[in-house]
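Read the structure below first, then the notes.
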Amino acid sequence: MNTWIKEQLELQREPEFQKFTASLLPGVRHILGVRLPALRKMAKQLAKGDWQSYLRTACDDSYEEIMLQGMVLGYAKGDLQEKEPFLRAFLPKIDNWSVCDSACSSLKLAKAQPQEFWDFLSEYLRSPREYDVRFALVQMLDYYVNDDYLERVLQAIDSVDLPFYYVQMAQAWAVSICYREFPERTLPFLKKNHLDDFTHNKSLQKITESLKVPKEDKEFIRTLKRKSD
C-alpha cells in the first residue's frame with residue numbers, strides 16, 4: 001500500500017507547485033508538490049478499502065502522506081467510536097494549518113454525533129499543542145455555529161489562552177463566523193471577552209472583511225477595536 005502511495009505521489013508531483021506550497025507553509029519539510037484534488041481522489045480510493053489497516057501502517061515521510069491520512073479519516077465510513085483511536089494517533093502528526101484545516105473539512109463526525117464529538121473536541125481545546133487546539137476550533141467553526149451550539153462555541157473560543165499564531169487566527173476566524181451567522185447574539189461577546197488584544201482586533205478585522213456583513217455593521221465593529229499600549 002505505501003509503495004503504491006509513494007508511486008502515485010511521485011507521478012503527480014509538480015516542482016513549481018511544490019515551491020508555491022512551500023512558500024505558504026514556512027518551516028514545513030518534505031513537501032512533494034501534489035495538488036489537493038489529486039490527494040482527495042487518492043484518499044477516497046483508500047477510504048473505500050481497508051482504511052484501518054492503511055492508517056495503522058501509513059508513512060509520515062512527506063507532507064502529502066500526512067495530509068492523505070487526515071482525508072482518509074474523513075472520507076472513510078465509520079462513527080466516532082470506530083475512528084477515535086485513529087484520530088488520536090493522527091492529531092499529533094499535524095504541524096501546519098493546511099493539514100489541520102483539510103482534515104477538518106473532510107471529517108464530518110459532528111454532523112452525525114454532535115454531542116459526542118463536541119466532548120471529544122473539548123478535550124483537545126485544553127491541549128498545550130498549537131494544532132490540537134486549532135483542530136478543535138476549526139471543527140467548531142465548521143460544524144457548530146448554529147442555534148444549539150453558538151453560546152458554547154463562543155465560550156470555547158473565550159476559554160483558549162494559548163499564544164500561538166495559528167490558534168489565535170483560528171479564534172478570530174471562529175468569532176467572525178459566529179458574528180456573520182448570528183450578529184445580535186455575538187455582539188455582546190465582541191463587547192466583552194477575555195481574548196488578548198491581538199486576537200480581539202483580528203476578530204474584528206475578519207468581520208469587516210466579510211462580504212456577508214452589512215456596511216453599517218462594519219462601521220460599528222471598527223469602533224470596538226482595542227488600542228495597543
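The values are calculated or read from the model by the stated rules, or taken from the named source; none is laboratory data. Predicted model only: the values in this text are computed from it and were never measured. Note: ideal-geometry Cβ built from the backbone for every residue, glycine included; neighbour counts use all protein chains shown.
From Leu195, Leu204, Leu187, which residue is in a loop (DSSP other than H, G, I, E, B), assigned by TED's automatic domain parsing to the domain that holds Asn146 and modelled with pLDDT of 95 or more?
Criteria check complete, one pass: Leu195.
Name the one entry in Lys227, Lys202 that is touching a helix residue (DSSP H, G or I) at 6+ places or on another chain (Cβ under 7 Å) and of a type outside the set (Gly, Ala, Ser).
Residue meeting the stated conditions: Lys202.
Given the criterion surrounded by fewer than 21 Cβ atoms within 10 Å (Cβ to Cβ) and over 25 Å from Pro37 (Cα atoms), identify the matching residue among Phe120, Phe86.
Selected residue: Phe120, the only one of Phe120, Phe86 that is surrounded by fewer than 21 Cβ atoms within 10 Å (Cβ to Cβ) and over 25 Å from Pro37 (Cα atoms).
So which of Ala76, Ala58 is closer than 12 Å to Asn2 by Cβ, surrounded by 15 or more Cβ atoms within 10 Å (Cβ to Cβ), more than 18 Å from the chain's Cα centre (by Cα) and of a type outside the set (Phe, Trp, Tyr)?
After ruling out the rest, the residue left standing is Ala58.
How about the stretch 138-194: which of its residues are farther than 19 Å from Leu224 by Cβ and of a type in the set (Ser, Thr, Tyr)?
Matches in the stretch 138-194: Tyr143, Tyr144, Tyr149, Ser159, Tyr165, Tyr166.
Can you tell me which of Pro163, Pro188 is under 25 Å from Ser98 (Cβ atoms) and either exposed (fewer than 15 other Cβ atoms within 10 Å of the Cβ) or touching a Ser or Thr at 6+ places or on another chain (Cβ under 8 Å) (or both)?
Pro163
This table checks each residue for (1) under 14 Å from Val28 (Cβ atoms); (2) of a type outside the set (Phe, Trp, Tyr).
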residue	(1), (2)
Tyr54	no, no
Ser62	yes, yes
Gly74	no, yes
Glu84	no, yes
Leu87	no, yes
Trp97	yes, no
Ser102	yes, yes
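Yes or no, residue by residue, for (1) farther than 22 Å from Ser106 by Cα; (2) over 19 Å from the mean Cα position of the chain (by Cα); (3) at pLDDT below 95:
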{"residue": "Trp4", "(1), (2), (3)": "yes, yes, yes"}
{"residue": "Gln12", "(1), (2), (3)": "no, yes, no"}
{"residue": "Phe17", "(1), (2), (3)": "yes, yes, no"}
{"residue": "Phe20", "(1), (2), (3)": "yes, yes, no"}
{"residue": "Ser23", "(1), (2), (3)": "yes, yes, no"}
{"residue": "Ile31", "(1), (2), (3)": "no, yes, no"}
{"residue": "Val34", "(1), (2), (3)": "no, yes, no"}
{"residue": "Lys41", "(1), (2), (3)": "no, yes, no"}
